[in-house]
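The values are calculated or read from the model by the stated rules, or taken from the named source; none is laboratory data. Computed from a prediction, not measured in an experiment: that's the story for all the values here. Here the Cβ positions follow ideal geometry from the backbone for every residue, glycine too, while neighbour counts run over all protein chains shown. Just the protein is used for accessible areas: all its heavy atoms, side chains included, with ligands, DNA and RNA removed. Shrake-Rupley method; radii C 1.70, N 1.55, O 1.52, S 1.80 Å.
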Amino acid sequence: ANLRGRVRIDMSTGIARQLVLPRLPELLQRHPLLEVELSSTDRRVDLVREGFDCVIRVGPVNEPGLVARPLGWVRVATCASPGYLARKGTPRTLDDLAQHELVHYVSTLGTRSPGFESQDRSGTAQFRAMAGRITVNSAEAYLGACAAGLGLIQAPLLGVRELIDRGLLVEVLPNHPAPPMPVTLLYAHRRHLPQRVRVVMDWLASVVQAHLRAEAEAAETGKLSKQ
């Protein structure tokens, strides 16, 4: 209750909107003198240079000098809008993708999209070139383009779950998933962390891990029910 001061954190828009912000009032009520600066951007911030206390990364992490705390894995879902599927049909196999379009996502416009990602029996990622007339470089535009019927997308489930539940997007090709993505909490130093930072990091880890466990259990239950 005596924690005071500001903690600066960064995470994806999906994690912020779906997981962290709905639970944040609990943390702030518990610690009334605590302040949080929450950044949500598609670019990978420089934790040290930009003064962040910790960041949550979705995807591979290769940042020497930072401490990495694994939180779990998130499933990647392939989605399309109901309107797109009514117009183009629902893909059932990877070969069906020849008749479909992909919304291409790149971090820097002008670079080439790797295409549609799946995995072979060993779990190794494979990429398939696909047609697509729109390329975006932000998560919001990516989701918006899909909802507008401009093509298929592949996104972490925690970023599209709400849209699927609301019927704005439909998951397709569940039997041909891309490899799951790691979710990691990163911070600069293991020692001399202010107590407020340790408390916020532990809280973030508990919120994200609980969600990832629930999603994994739900997916396993779904598999068993189909057997």
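Within the stretch 34-47, which residues are open to solvent by 80 Å² or more (accessible area, probe 1.4 Å) and assigned to a strand (DSSP E or B)?
Going residue by residue through the stretch 34-47, those that are open to solvent by 80 Å² or more (accessible area, probe 1.4 Å) are 35, 43-44.
Within the stretch 34-47, just GLU35 meets the criteria.
With the requirement that a residue be among the polar types (S, T, N, Q) and open to solvent by 10 Å² or more (accessible area, probe 1.4 Å), what does the stretch 77-95 give you? First the steps, then the outcome.
So the first thing to find is which residues in the stretch 77-95 are among the polar types (S, T, N, Q), and the list is 78, 81, 90, 93.
Across the stretch 77-95, the qualifying residues are THR90, THR93.
Within the set of pairs 6+ apart or on separate chains, which have a first residue in the stretch 61-90 that is free of Cβ contacts under 8 Å to residues at least 24 places away in the same chain, a second that is open to solvent by 20 Å² or more (accessible area, probe 1.4 Å), and C-beta atoms under 8 Å apart?
Filtered contacts from the stretch 61-90: LYS88/GLN99; LYS88/GLU101; GLY89/ASP96; GLY89/GLN99.
Just to be sure, is ALA219 open to solvent by less than 70 Å² (accessible area, probe 1.4 Å), on the phi < 0 side of the Ramachandran plot, among the aliphatic types (A, V, I, L, M) and assigned to a loop (DSSP other than H, G, I, E, B)? Full working, then the answer.
Numbers: open to solvent by less than 70 Å² (accessible area, probe 1.4 Å): yes; on the phi < 0 side of the Ramachandran plot: yes; among the aliphatic types (A, V, I, L, M): yes; assigned to a loop (DSSP other than H, G, I, E, B): no.
No: the conditions fail for ALA219.
Residues being closer than 19 Å to ARG87 by Cβ and in contact with a Gly (Cβ under 8 Å, 6 or more places away or on another chain): count how many of those fall in the stretch 151-167.
1
Among the residues of the stretch 185-199, are any surrounded by fewer than 17 Cβ atoms within 10 Å (Cβ to Cβ), under 16 Å from the mean Cα position of the chain (by Cα) and part of a helix (DSSP H, G or I)?
No, because not a single residue in the stretch 185-199 is surrounded by fewer than 17 Cβ atoms within 10 Å (Cβ to Cβ), under 16 Å from the mean Cα position of the chain (by Cα) and part of a helix (DSSP H, G or I).
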